[in-house]
């Protein structure tokens with residue numbers, strides 16, 4: 001399944017960028033996905049299929065899921 005992404009999502013990829021950062025921000029959506037390295041601000045374009053292979057986790061999705069689950073504080 002191809003990834004369901006939103007603008008400004010923070011992604012962690014499997015391999016580091018040459019600057020050493022694993023984290024990227026989604027800056028463009030469409031047939032190709034635009035990513036910006038959070039370390040050096042370099043921008044790249046990947047197809048959705050290629051991004052699916054390279055992506056490890058969607059950090060923003062985890063934040064959204066944890067925010068939607070109410071904690072039981074008694």
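Derivation of every value follows stated rules applied to the coordinates shown; laboratory data play no part. Keep in mind the model is a prediction, meaning the values are calculated, not measured. As a convention, Cβ positions derive from the backbone with ideal geometry for all residues, glycine included, and neighbour counts pool all protein chains shown.
Can you give the extra length, in nm with one decimal, that the chain gains between residue 45 and residue 23 once fully stretched, where that is 0.36 nm per residue apart less the Cα-Cα distance? Don't skip to the end; give the middle numbers.
Values: separation 22, 0.36 × 22 = 7.92 nm, distance 1.48 nm.
Between residue 45 and residue 23, full extension yields an extra 6.4 nm.
Please rank 4, 9, fewest neighbouring Cβ atoms within 10 Å first, as an exposure proxy. Intermediate values should be presented prior to the final figure.
Values: 4 8, 9 21.
Placing the least packed residue first, the sequence is 4, 9.
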Any idea how far apart residue 56 and residue 8 come out in nm if each label point goes 7 Å out from Cα toward Cβ?
2.5
